[in-house]
Amino acid sequence: MQVREMRAGEEAALHAVFHSAVHRLACRDYTPEQLDAWAPSNRDPDEWARRIAQIRPFVVETAGEIVGYADLQPDGYINHFFVSGAHARRGVGTLMIEHILRLAGERALAALSSDVSRTAQPLFERFGFRVVEQRFPVVGGVTLCNALMRKDLAGRAANPRATGVDSKARPSRAMLGLRRSKHRGEEDGTD
Ligand SMILES: CC(C)(COP(=O)(O)OP(=O)(O)OC[C@H]1O[C@@H](n2cnc3c(N)ncnc32)[C@H](O)[C@@H]1OP(=O)(O)O)[C@@H](O)C(=O)NCCC(=O)NCCS
């Protein structure tokens, strides 16, 4: 398995991973209505491409296929973290967290955080993330549930721009990739 930056033109492959992760893996923890709200099948490809461009993800590739992707924002927030349903429980998620921890070290981040689905919480806990707060984002009129999780990276706050995470100082996000709409008081994304 190889970890590398996403290349232009791979947006649809990432969407396939995202859709399969939600509908084939998170389906154990969420209702069909919640899954459809989180990962609708009729997503506008241009809107998806814009969203992916904003987060600048890395991918995991094996045998020429993208099997997972994730990101690390400059403030230590992980926005997306998804593994293809066909490649679950083979260490792809572990590889992605290990890569994020390496990047965090290089960037001297003080902390990592993410709004983590029920499905992903055991994996994040295994790497020392702890629940800060349970959250209930509303997406497309449907209430989901996740948890803001955080991992402190002691002694790595050397970079003054890498302030880590202050959940009170940042806009509320929920469920990796869901941001609160400026207009409707609802989460505006479904990734
Ligand atoms: C959560 C997710 C990223 C895990 O990816 P993965 O590649 O299967 O994870 P790994 O194979 O590295 O798993 C490592 C360990 O994490 C834990 N783990 C992973 N998935 C788990 C699950 N569904 N239930 C319980 N523990 C789990 C286990 O301890 C596992 O070790 P084991 O397989 O030896 O028991 C993947 O299931 C996924 O994409 N889920 C759906 C989408 C999602 O919820 N994404 C995160 C949004 S916040």
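Quick note: the coordinates plus some simple rules give every number you see, no bench work behind them. A quick note: this is a predicted structure, and the numbers were derived from the prediction, not measured. Note that we place each Cβ from the backbone using ideal geometry, even for glycine, and neighbour counts take in every protein chain shown.
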### Query
Near the amide H of Val59, under 5 Å away, which other amide H atoms are found, from residues 5 or more places off or on another chain, if H is placed in the peptide plane?
Arg4, Glu5, Met6
### Message
Report, to one decimal in Å, the Kirkwood hydrodynamic radius for segment 52-104 based on all distinct Cα pairs.
### Response
11.4 Å
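Want the number for Glu5 to Phe136: 0.36 nm per residue separation, take away the alpha-carbon distance, what's left? Provide the component values of the computation, followed by the final result.
Details: separation 131, 0.36 × 131 = 47.16 nm, distance 3.13 nm.
Length gained, Glu5 through Phe136: 44.0 nm.
Add +1 for every Lys or Arg and -1 for every Asp or Glu among the other residues with Cβ under 13 Å from the Cβ of Val59, and state the total. If you can, show how the numbers build up before the last one.
On the way: positive: Arg4, Arg7, Arg56; negative: Glu5, Glu10, Glu11, Glu61, Glu65, Asp71.
Once positives and negatives cancel, what remains is -3.
Between beta-carbons, use under 9 Å as the cut-off and find the net charge around Val142, counting Lys and Arg +1, Asp and Glu -1. Write down the numbers at each step before the final one.
On the way: positive: none; negative: Glu33, Asp36.
Residues near Val142 contribute -2 overall.
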### Query
Exposure proxy check: Thr94, Thr119, Thr31 ranked by fewest other beta carbons within 10 Å?
Thr31, Thr94, Thr119
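Find how much the distance from Arg50 to Arg107 grows on full extension, using 0.36 nm per residue of separation minus their present alpha carbon separation; answer in nm with one decimal.
Details: separation 57, 0.36 × 57 = 20.52 nm, distance 2.50 nm.
That works out to 18.0 nm of additional length.
Based on the mean of other beta carbon atoms within 10 Å per residue, what is the order of 21-27, 53-59, 75-81, most packed first? Don't jump to the answer; show the numbers that get you there.
Numbers: 21-27: 19.7, 53-59: 16.7, 75-81: 22.1.
Highest-to-lowest ranking by the protection proxy: 75-81, 21-27, 53-59.
Once you sort the root eigenvalues of the Cα gyration tensor of segment 55-153 as a ≥ b ≥ c, which label holds: rounded (a/c under 1.5), prolate (a/b larger than b/c) or oblate (the other case)? Walk me through the numbers before you get to the answer.
On the way: a/c = 1.65, a/b = 1.12, b/c = 1.48.
Here segment 55-153 falls in the oblate category.
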